[in-house]
1. Using a 10 Å cut-off on Cβ atoms, rank the peptides 322-329, 580-587, 674-681 from the highest mean neighbour count down.
2. Largest first, please: the extent of the C-alpha atoms of the chain along each principal axis, to the nearest Å.
3. Give the residue from 699, 646, 426 lying farthest towards the positive end of the charge dipole for the chain; charges sit on Cβ (+1 for Lys and Arg, -1 for Asp and Glu) and the dipole is referred to the Cα centre.
4. Please give every one of the aspartates and glutamates within straight-line cross-link reach of residue 437, meaning a C-alpha to C-alpha distance under 20 Å, and leave out same-chain neighbours fewer than 8 residues apart.
5. Name the long-range amide H neighbours of residue 710: under 5 Å, sequence gap of 5 or more, or other chain; modelled H, no Pro or chain starts.
6. Roll a 1.4 Å probe over the protein chains and send me the accessible area per residue for segment 172-294 in Å².
7. Which one of 114, 79, 134 is farthest out on the positive end of the charge dipole of segment 78-136, using unit charges on Cβ (Lys, Arg +1; Asp, Glu -1) and the Cα centre as origin?
8. What residues have an amide H closer than 5 Å to that of residue 476, excluding those fewer than 5 places away on the same chain, when H is modeled at 1.01 Å from N in the peptide plane?
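The values are calculated or read from the model by the stated rules, or taken from the named source; none is laboratory data. Since the model is a prediction, treat every value here as computed from it, not as a measurement. Glycine also receives a Cβ, built like all others from the backbone with ideal geometry; neighbour counts cover every protein chain displayed. Keep in mind that these areas ignore ligands, DNA and RNA; they rest on the heavy atoms of the full protein, side chains included. Shrake-Rupley method; radii C 1.70, N 1.55, O 1.52, S 1.80 Å.
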Amino acid sequence: MRWALLTIAFVLSAFLYTAGQIMQGGNPLDAPVLKSRGIPEIVMPSVVNKELKQHYSEPEQNKLKPFHFAHGFEVDISPTKDGVWVRNVNGFDVWRVKIKSAGAYSLNLIFTQFSLPQGARLFLFNEGEGHLLGAFTSTNNKMSGNFAVSPIAGDELTVQYEVPCGEIENSGFTISSVNHDYVGILNTGERRPMGIPAGSCNVDINCNSAVELKNVKDAVCRIIVHGREVCTGVLVNNTAEDERPYILSAAHCYDRLEYAETSVFTFNYESPYCAPLDGDPVNSVSGAAMKAFSDSLDFSLVELSRIPPPDYRPYFSGWDRSGNMPDSSKCIHHPQGDIKKIAVDRNSPSISHFLSDYTPFGFLRVGRWEVGVTEQGSSGAPLFNPLGNVIGTLTGGNATCINPVNDYFSRFNMAWEYKSDSSGQLKYWLDPLNTSKIAQPGKRYYSAEDFCMPFTNLEDYDEHQNVVMQDGGQDAGYWGGTNDLNVTEFVERFSVPGEEELFGVSLGVGLVKLSNFASNSEITIKVYNGKLFPETLIHSQKVFIRDLVADAMNLIKFNRLVEPQDTFFVGFELTNLQPQEQFVVYQSLRQPGEENFFWFRQNNVWHDFQLANSSGYSMANVIELIACNVNELSPKKPLVNRPMDLIIYPNPARGLFIFEAGQEILPDKISVYNIMGQEVQVNVFEYDEKKVQIDLSGNMAGVYFVRYRSGLGSLSGKVIYSPW
């Protein structure tokens with residue numbers, strides 16, 4: 001795990017929804033302090049990580065499934081009595097304090113009485129690790145006065161508060177808690193130095209096991225509660241369909257009701273494809289208000305401090321309070337606080353007790369997981385029926401990778417009217433219109449220019465790696481980055497129909513090796529229009545390599561609106577690396593005959609990788625694109641030109657989709673097969689000469705393969721049918 005803590009050097013004045021909260025562009029002011037005094041340090045009491053890990057892993061606590069990763073120190077640190085002020089630095093008075101907790105793998109802070117005046121800025125940073133959070137401003141003020149920030153790697157951090165001259169007495173904050181990470185939750189340096197990530201039996205959310213929940217998965221979030229524990233929650237819809245951002249989770253995740261106000265809720269923390277590649281936890285919201293709670297039935301409902309913005313791609317999950325037992329169920333969760341996973345039970349759950357001090361018959365028992373499992377960190381995770389509706393939330397159980405049996409979920413239908421008071425039931429909040437609905441479907445509310453989706457060319461069979469370049473039998477660097485053969489640019493071809501607007505790109509960084517933490521080495525993100533090769537540069541943006549994390553996805557948000565053609569190329573150029581420094585993006589080398597998406601620039605000439613190697617291998621880069629204003633309607637101009645190329649869109653499809661090829665298509669030559677290889681019934685309509693429209697409605701959600709046979713050969717493509 002890690003947080004992609006971006007130095008803000010490349011960001012303009014636009015807001016960034018990063019690292020748990022909205023942050024504004026800018027860098028901390030360089031405020032000199034007297035060398036004889038320096039920056040005052042506040043040192044936390046000494047602790048031993050191994051002892052903390054043992055203490056918080058006692059066997060009696062394992063029945064419940066939150067994941068405890070940090071030890072909290074209650075403190076009282078404020079600009080009025082601690083740290084040091086430097087007066088009138090470029091029109092600001094600047095306050096600094098350094099906080100240390102020896103041996104911590106990361107630190108995070110909880111603020112109270114948080115009230116910044118207009119024009120003030122707050123930064124947190126660790127210079128040695130090259131991590132920075134901020135600027136936080138008056139836009140982060142909340143009615144509660146509470147404010148939580150995400151972890152920063154290392155065992156020390158500096159807090160810098162910048163106030164317009166003369167505004168010191170107006171308002172500020174108190175640091176009330178310093179949280180010492182004794183596990184190593186961030187992916188910086190050695191991963192999980194005190195433990196392990198999720199068990200090997202876990203299945204990543206973007207594998208075929210989760211295909212019918214392709215939309216529903218975006219409702220599930222990771223929760224860091226009061227800077228110390230990790231749980232899972234789900235964004236749920238209500239009958240008024242008014243976009244109230246309610247998160248349903250487990251009551252035992254919140255030791256105190258007010259901890260909802262100091263929790264961080266992270267969306268889209270997942271691998272872009274079916275592989276355990278660390279995601280980017282950049283899409284987070286800080287703070288919520290507790291609405292309903294029951295410790296004996298173990299459910300909680302909170303309302304986020306803001307609606308997740310469009311680029312978070314929020315989906316408001318449906319629910320079912322009928323109490324009917326489905327013939328199968330699935331759980332989406334964050335085991336050990338890791339990237340999003342899925343567990344599958346192919347049998348009906350049963351009504352059951354949990355422990356003696358919990359509500360009798362208030363739980364659903366999953367007897368055995370056939371796919372995956374839940375672990376600590378999965379507490380509060382939703383249990384979905386086959387229609388993608390929530391029927392329960394995880395309380396705990398005995399399931400492990402070795403023996404995946406007996407997990408218990410709080411029953412949604414019991415929580416509906418568990419108590420007559422609104423603070424002890426879901427009905428008051430999720431059925432505000434008093435419709436008495438038995439089930440409520442899920443929904444995405446953003447549309448048009450606010451409808452955002454991720455795009456990647458990766459498939460389940462791909463395997464990411466740092467692909468080595470050969471020259472005369474000798475290693476010459478990497479096809480995805482640093483090399484000795486003057487390959488300087490690396491791009492991925494995308495085809496996205498409609499008038500899309502690119503929000504950003506996420507790079508699966510495989511290797512970062514810099515001369516020092518303060519290195520100014522850069523890459524330049526580039527976007528080109530073009531059909532057969534990159535032709536016209538339409539966007540470039542420099543990024544410090546020191547801000548990127550290896551063995552993980554790194555989201556880089558564009559600093560201006562980028563509107564490409566339907567077919568375009570996105571990638572990067574190695575623009576400023578020092579000798580002995582290295583930067584590589586993961587790639588997946590594919591067998592000859594597979595579609596190629598990788599183009600590279602060598603000696604100022606663009607090359608199609610598949611044509612450039614004598615064996616005909618193809619390649620896909622580990623690159624995920626976030627595009628908004630995605631138009632699911634067919635574009636007028638063709639997206640493919642070569643006869644044996646094809647594209648399917650929208651994909652996933654909710655029913656209707658377009659199958660387009662670079663040759664004439666006869667509808668009666670189209671066949672569709674399910675994942676078992678059985679042909680299924682579909683309706684096929686001629687759209688134009690090189691396109692047909694296919695309707696999968698009436699079939700089960702899942703993966704399907706479309707095959708077209710012509711005199712030129714056979715074309716086959718995969719489509720995901722996800723009606724919810």
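1. 580-587, 322-329, 674-681
2. In descending order, the Cα extents are 81, 65, 45 Å.
3. Sorting the options by dipole projection puts first 426.
4. Cross-link targets: 241, 242, 243, 320, 417, 421.
5. Residues meeting the amide H criterion: 715.
6. On the way: 2710 Å² over 123 residues.
Ligands and nucleic acids excluded, the figure is 22 Å² per residue.
7. Farthest along the dipole direction, towards plus: 79.
8. Amide H neighbours of residue 476: 469, 470, 471.
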